[in-house]
Amino acid sequence: MTALSTSVKVAVIGAGAMGSGIAHVAARAGHTVYLYDMNAEAVARGKAGIEKDLRFLVGKGKLAEADCEATLGRVVPSSRIEDLADAGLLVEAIVENLEIKQTLFRQLEDLVSADAILATNTSSLSITALAAALARPAQLAGLHFFNPAPRMALVEIVSGLATDPAIAATLHDTAKAWGKVPVRATSTPGFIVNRVARPYYAEALRVLSERAGTPATLDAILRESCNFPMGPFELMDLIGHDVNYAVTRSVFDAYFGDKRFTPSLIQQELVLAGRLGRKSGQGFFDYREGAQKTQARTEPPAVAARSVTVCGDLGPAAALSARLERAGIALGHIEASAGAGELRIGKARLALSDGRSATRRAAEEGTPDLVLFDLARDYANTPRLALARADQCDEGAWHEVVGTLQAAGIAISRLDDVAGLLALRTVCMLTNEAADAVLQGIASAADIDTAMRYGTNYPEGPLAWAGHLGIGLVTRVLGNLREHYGEERYRLSPLLQRCAQRGGGLL
Ligand code: NAI
């Protein structure tokens, strides 16, 4: 263990949202923390914010009054940079601008001892570029907290080309000693979370752009079927479209225009209109006084079939047939000739999507009455499931499928016939991005999954999730999406391909 002793003083430069949160965390852990900002009012606001957060914890019975006072006593407001001279760890959380940060670090380097650690909370700038301006570039690393820092567990420890591995190790262990969950990453655009999470927004925006469902419906599908804590549209409204769009643009530009990170015109329109989300009162949803909350679309009640035939093995959706049986629907079983299993409901076939549209698959397989269902994390209990029907599918056949699933207590969201539906293509694309990040040595597979669980509160890391789904299914879905769109965006990560070929997982 190489965590910094609590006798080492910490300086936080920039007392805004992130800086004051980081100061809170370090002071709670027992360090004396200098809270510095070029704006004295920001320091006072930052300290007042820390006090408010601590008092809230006292009110909830989660912090003793004496600890609250002691923690506050350790936060030392400072408006003179010279005051920071005896700090052993300096965490920068100022404006996101390379030149301004470089100037600050050069100033700090001249001020502090040679072994002091310089850390930056940047979310998008290159650690290598920041360090290049320094006389001692080995002393600098990224210490990337998530907002709000006191509550979000994840910290990405980011090494640039010159970062001393011992400095990264100390920051890793110190973050752990502060009660955080640290992961290691190399300095590449977006580090882990801001890169791997891009498809969560991008796929939903793409499905929306094809008008396959409303934002409220798409949000409900990802939240209720897959336990994502927030749907992508409500999350973008919360983050602010200006911020979210800027991150997407910066990752896109930093990867030299890699098509996978292409920003969305829909989001650009919102930014241009000033509909930035909650903070401006309007985004995908309306937050203004008196506005009605938009509801997800759910299919009206339909009549269930009395019996269903399970044909072959439903794979990850196997629990669905048992759920129908529990709902009193008689089940018959037949062997499948080849390929994935399906349910036969009346004259309809109901199958898990494989990334082809229902219309294409119905045409290829010569059965018009085809309905596809989306991914759910737990088919035995999911309250909602998205379905898409082939254009050739008969209205009566569709209603019988809907009614049968409703009889098992599942709310049905109909999507227009979009390839890979929503949850399935989203999870496959998250996996694809995570696999590429492993392949490129940005972080270990385990750290990537940890980062996505603790930095975004996903119910499971994408790589572990893909392991449960089966890498074969994931690669099939991505291959079909690639064929469907003909776009490089859906190209398969070479690492996923390799895993599928050898029949193994990524963890
Ligand atoms: P903020 O705007 O709330 O606070 C920045 C503070 O830095 C302001 O109080 C400003 O007066 C001060 N400042 C600016 N230039 C300075 C200088 N040269 N010397 C001293 N103080 C200076 O910004 P926020 O949101 O706290 O972000 C800070 C950093 O953290 C940025 O690099 C940002 O990219 C990063 N970050 C932000 C996250 C977020 O969700 N807001 C999440 C993770 C990282």
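The values are calculated or read from the model by the stated rules, or taken from the named source; none is laboratory data. Because the structure is predicted, anything quoted here is derived from the model rather than measured. Here the Cβ is made from the backbone with ideal geometry for all residues, glycine too, and neighbour counts use every protein chain on show. Side chains are part of the model used for accessible areas, which takes the heavy atoms of the whole protein and leaves out ligands, DNA and RNA. Shrake-Rupley method; radii C 1.70, N 1.55, O 1.52, S 1.80 Å.
A few remarks follow.
- Between 0 and 90°, nearest 10: helix 98-111 axis offset from the chain longest Cα axis: 40 degrees
- For the chain, the longest principal axis of the alpha carbon atoms and the long axis of helix 198-209 meet at an angle near 40°.
- Sequence-ordered 3J(HN,Hα) estimates for the range 112-124 from the Karplus curve with 6.51, -1.76 and 1.60 and θ = phi - 60° stand at 9, 6, 5, 9, 5, 8, 9, 10, 10, 9, 3, 9, 9 Hz, glycine and proline given as x.
- Interchain or long-range residues, amide H under 5 Å from GLY277's placed H: HIS241, GLN282, GLY283
- The range 356-462: C-alpha gyration tensor shape, a/c 1.5 cut-off, then a/b vs b/c: oblate
- Residues with amide H under 5 Å from that of LEU143, placed H, sequence gap 5 or more: THR120, ASN121, THR122, VAL158
- When the solvent-accessible area of the chain is split by element, carbon and sulfur atoms take up 52 percent of it, the probe being 1.4 Å.
- Positive dipole terminus of the range 57-136, leading residue within THR122, ALA132, LEU84 (C-beta point charges): THR122
- For the range 174-205 and the range 1-74, distance of Cα centres in Å: 24 Å
- With Cα atoms, 0 to 90° folded angle of helix 40-59 axis to the chain main axis: 60 degrees
- About the centre of its Cα atoms, the range 217-298 shows a dipole size close to 40 debye [charges on the beta carbon of Lys, Arg (+1) and Asp, Glu (-1) only; nearest 20 debye].
- Dipole of the chain, positive end: most advanced residue of LEU235, THR2, VAL183 [Cβ charges, Cα centre]: LEU235
- Residue-wise HN-Hα couplings along the range 160-169, as the Karplus relation 6.51 cos²θ - 1.76 cosθ + 1.60 with θ = phi - 60° gives them from phi, are x, 4, 9, 4, 5, x, 5, 5, 4, 5 Hz; Gly and Pro carry x.
- When only Cα pairs below 8 angstrom with a gap of at least 6 residues are kept, the chain shows a relative contact order of 12 percent.
- Helix-only arithmetic for the chain: the sum of -39500 (n - 2.57) across DSSP H runs with n ≥ 4, divided by the residue total, places the mean residue ellipticity at 222 nm at -13000 deg cm²/dmol.
- The range 307-414 shape via C-alpha gyration tensor axes, a/c threshold 1.5: rounded
- Taken about its Cα centre, the chain carries a charge dipole of roughly 500 debye when the Cβ of each Lys and Arg holds +1 and the Cβ of each Asp and Glu holds -1.
- Estimated dipole of the range 307-414 in Debye, rounded to 20 [Cβ of Lys and Arg +1, of Asp and Glu -1, Cα centre]: 280 debye
- Selected from ALA362, ALA407, ALA380, residue furthest toward positive end of dipole (the range 362-409; charges at beta carbon): ALA380
- Å² per residue, accessible surface of the chain at 1.4 Å: 41 Å²
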